[in-house]
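Data block below; observations after.
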Amino acid sequence: MNGEILGHSVQQKALARLAASGKLPTTILFSGIAGVGKFLVAKRLAFSLLCREGAFGGCGHCEYCSLLHAETHPDFFSVQCASKECDIDSLRELLYSLNLKSFFGKNRVVIFNNADELGVQSANLLLKSLEEPRPNTYYILVATHRGSLPPTLVSRCQVWFFDRLADSAVKTLLAGKEAAIQAAGLSLSEVVALADGSLAQVDTLIEKSELWKKLGSTLDQIAAGKVSLAPDLAAELAKDKEHLSESLKLLRLVVRSRMLSATNDEDKARWAICLSNLLTCERAIFERNLAAATVLLSTFLALHSAPQAVSFTTLHNSARLLDNVIV
């Protein structure tokens, strides 16, 4: 796998040493926020395990590396857990095939990307395979929300944490998007700051720049006391159910930017409380099926309330949020 992966040098060096020494665990979980390169490091590790020379990331010259780059290596499997290719029947077929001898008689590697999207049945089926590991068969799970995985599954893995990228790395990675960023009316430094060490939301921010600006303007007015805008904004966002999740992500970006730029403790607390409320709000809408318009309205009205808290440890509005929702 050619090309340098920015960031995570400590993890990459440690993984390279373990792979070269033959001491790499057969089941690994890469955990951390989205958009920091966990999957790329997983592929780099997989290439090193399958390369004839054993070079970290692959030598790029042997026949095994050629097959890997062509995505035709018969002993490498990359499963996107959020897609249909990871339904229970497909997963059962894949796991059964791993009981057979590897094609080249070397290692066999399976990457489960977005492993936290596995259903309960799929996770349990995978757990059975991990409980009876086959020699030279490696499982690499990549997950953003480790808590969504069954504890029994996590306990079978050696967990590696991947932190946010440095702003300098994000800036380098965004170099090819400068024209799109400028066309969206944003600056590179602004996008780097909003990215907060992750590339997960950058494309959404660029594509939805007009909505981002509109949301920022409306929230600023609500915070300043124009609460009459809150019902209309809540209803408008809730109406577009297909894009509601993306809208909530943009809301969080807006609120986070206001929190970071606030010049006094009261305003910082106000926006921090709103950010906490938005996370609670998302769970209430998508996990508890509460009415989106009502939950959002409560969130926006709480933004106007003068906060009594001045620290992240006393987010009182967040604790009362669901009490104020009428369904």
When (1) surrounded by 18 or more Cβ atoms within 10 Å (Cβ to Cβ); (2) within 18 Å of His8 (Cβ to Cβ) are applied to Asp167, the one that fails is (1)
Output the number of the condition that Ser9 fails; it satisfies all remaining conditions of (1) farther than 13 Å from Ile140 by Cα; (2) in contact with a Gly (Cβ under 8 Å, 6 or more places away or on another chain).
-> (2)
The one condition in (1) within 19 Å of Thr204 (Cβ to Cβ); (2) surrounded by fewer than 17 Cβ atoms within 10 Å (Cβ to Cβ) that Leu237 fails to fulfil = (2)
Identify all residues within the stretch 170-210 that are among the charged types (D, E, K, R), at pLDDT below 85 and crowded, with 16+ Cβ neighbours inside 10 Å; write none if there are none.
-> Asp196, Lys208
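Each row is one residue, and each column tells you yes or no for (1) surrounded by fewer than 23 Cβ atoms within 10 Å (Cβ to Cβ); (2) of a type in the set (D, E, K, R); (3) at pLDDT 90 or above; (4) not assigned by TED's automatic domain parsing to the domain that holds Ala230.
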| position | (1), (2), (3), (4) |
| --- | --- |
| Glu266 | yes, yes, no, no |
| Thr280 | yes, no, no, no |
| Asn289 | yes, no, no, no |
| Leu296 | no, no, yes, no |
| Gln308 | yes, no, no, no |
| Ser311 | yes, no, no, no |
| Leu315 | yes, no, no, no |
Would you point out the residue of the stretch 119-130, among those that are closer than 29 Å to Cys51 by Cβ and out of contact with any strand residue (DSSP E or B) (no Cβ under 7 Å at 6 or more places or on another chain), that is modelled with the lowest pLDDT?
-> Ser129
Flag for Asn107 being touching a strand residue (DSSP E or B) at 6+ places or on another chain (Cβ under 8 Å), assigned by TED's automatic domain parsing to the domain that holds Pro25, buried (at least 21 other Cβ atoms within 10 Å of the Cβ) and over 26 Å from Arg146 (Cα atoms) = yes
Working only within the stretch 131-163, note down all residues that are part of a loop (DSSP other than H, G, I, E, B), at pLDDT below 90 and acidic (Asp, Glu).
-> Glu132
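Within the stretch 249-305, how many residues are of a type in the set (Lys, Arg) and either over 19 Å from the mean Cα position of the chain (by Cα) or not in a helix (DSSP H, G or I) (or both)?
Counting residues in the stretch 249-305 that are of a type in the set (Lys, Arg) and either over 19 Å from the mean Cα position of the chain (by Cα) or not in a helix (DSSP H, G or I) (or both) gives 4.
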Go through (1) loosely packed, with under 14 Cβ neighbours inside 10 Å; (2) touching a residue at least 40 places away in the same chain (Cβ under 8 Å); (3) of a type outside the set (A, V, I, L, M, F, W, C) and name the single condition Arg258 misses.
-> (1)
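Scan the stretch 129-172 for residues that are of a type in the set (Lys, Arg) and touching a helix residue (DSSP H, G or I) at 6+ places or on another chain (Cβ under 6 Å) and jot them down.
Arg156, Lys171
The values are calculated or read from the model by the stated rules, or taken from the named source; none is laboratory data. These numbers were taken from a predicted model, which means no experiment stands behind them. Here the Cβ is made from the backbone with ideal geometry for all residues, glycine too, and neighbour counts use every protein chain on show.
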